[in-house]
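The structure appears right after this line, and notes come after that.
The values are calculated or read from the model by the stated rules, or taken from the named source; none is laboratory data. These numbers come from a predicted model, not from an experiment. Quick reminder, even Gly has a Cβ in these numbers, built from the backbone with ideal geometry, and neighbours come from all protein chains shown. Ligands, DNA and RNA are stripped out before the accessible areas are found, and what is left, the full protein with its side chains, is counted by its heavy atoms. Shrake-Rupley method; radii C 1.70, N 1.55, O 1.52, S 1.80 Å.
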Amino acid sequence: MKKLVFLIPILFLIQPAFGDIVIENDQTYIGNDGIMHIVGEIKNDSKSPVNKIKIIATLIDGNGKVLDKIDGKVMSNIIMPGMKGSFDIITNEKKIEDVLDYDLGFEYKLAAPKNQVIEIVSSEMKRDQFNNLIISGTVENNGDITANMINVVATLYDRDGKVLTVSKIQTQPDFLRAGEESHFLVPIYEKSQAMNVADYSIIAESDEYAAVPEFPLGSGALLIISVSSYVIFSRNPERITNALGRCSKILARQ
């Protein structure tokens, strides 16, 4: 499917230039619910934070007839300059072949900047005893005040860099005091999509703070360890050396 990307900005401060905010890495799939999903990312290459982002999907059949128009939301509350936000639009269609094409547009508002201090300090992706894919890790509040309503968003990618699926959770407890860390676990519900994962990204944010920019290693540099049917992806550059050491010890025992 091809797509047309267009902007429907809501003016409110200084408007970013055309093309500074774009949709990318989108595709469709049939989910566990039997419904067609459209997933992708919106990238903010402007110099201004944006929020209240609404994605508008227009579904078109083989005759060029509009089948439906559906609104979806980006998983992140705010997208800071240079950052991305993932989306998952749930349509009313049950067969991808019924939809020949789709257009994606979006609306947004410019937002006041937030300190980027909610950081994922470690994470790993593995399969549990029921072969479900999960991502667990630790989030840290590097701000000066308590962070409330902390959301963690995980985005899975295929080998072509396209978004496979998106999953979002709220940490429990849903607050994190300044300087403290908290554990999180994000389940990946779409099993068929999870089978094709080659890379992933994960961010966290709160009502008060935005996510720390992530520096992904890329699928070629991911540390991949297969032990007892577990596949672990290290996403913490500072701990790669320690992870390699652990890997060596595991292989030495085998």
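The table that follows gives values for the structure above.
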read-out	value
Only listed residue being outside the structural domain of G82 (by the TED database), within 28 Å of I35 (Cβ to Cβ), free of Cβ contacts under 8 Å to residues at least 12 places away in the same chain and of a type outside the set (D, E, K, R), chosen from M125, M195	M195
Failed condition for N142, given (1) in contact with a Gly (Cβ under 7 Å, 6 or more places away or on another chain); (2) at pLDDT 95 or above	(1)
Qualifying residues in the range 188-216 (those that are part of a helix (DSSP H, G or I) and open to solvent by 20 Å² or more (accessible area, probe 1.4 Å)) - the one modelled with the highest pLDDT	Q193
Complete set of residues in the range 63-104 that are part of a loop (DSSP other than H, G, I, E, B), in contact with a Pro (Cβ under 8 Å, 6 or more places away or on another chain) and under 25 Å from E180 (Cβ atoms)	M80, M83
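To keep it simple, each residue is scored yes or no on (1) part of a loop (DSSP other than H, G, I, E, B); (2) hydrophobic (A, V, I, L, M, F, W, C); (3) open to solvent by less than 20 Å² (accessible area, probe 1.4 Å); (4) in contact with a Leu (Cβ under 6 Å, 6 or more places away or on another chain).
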| residue | (1), (2), (3), (4) |
| --- | --- |
| F106 | no, yes, yes, no |
| A112 | yes, yes, no, no |
| G137 | no, no, yes, no |
| L156 | no, yes, yes, yes |
| R159 | yes, no, no, no |
| V166 | no, yes, yes, no |
| V186 | no, yes, yes, no |
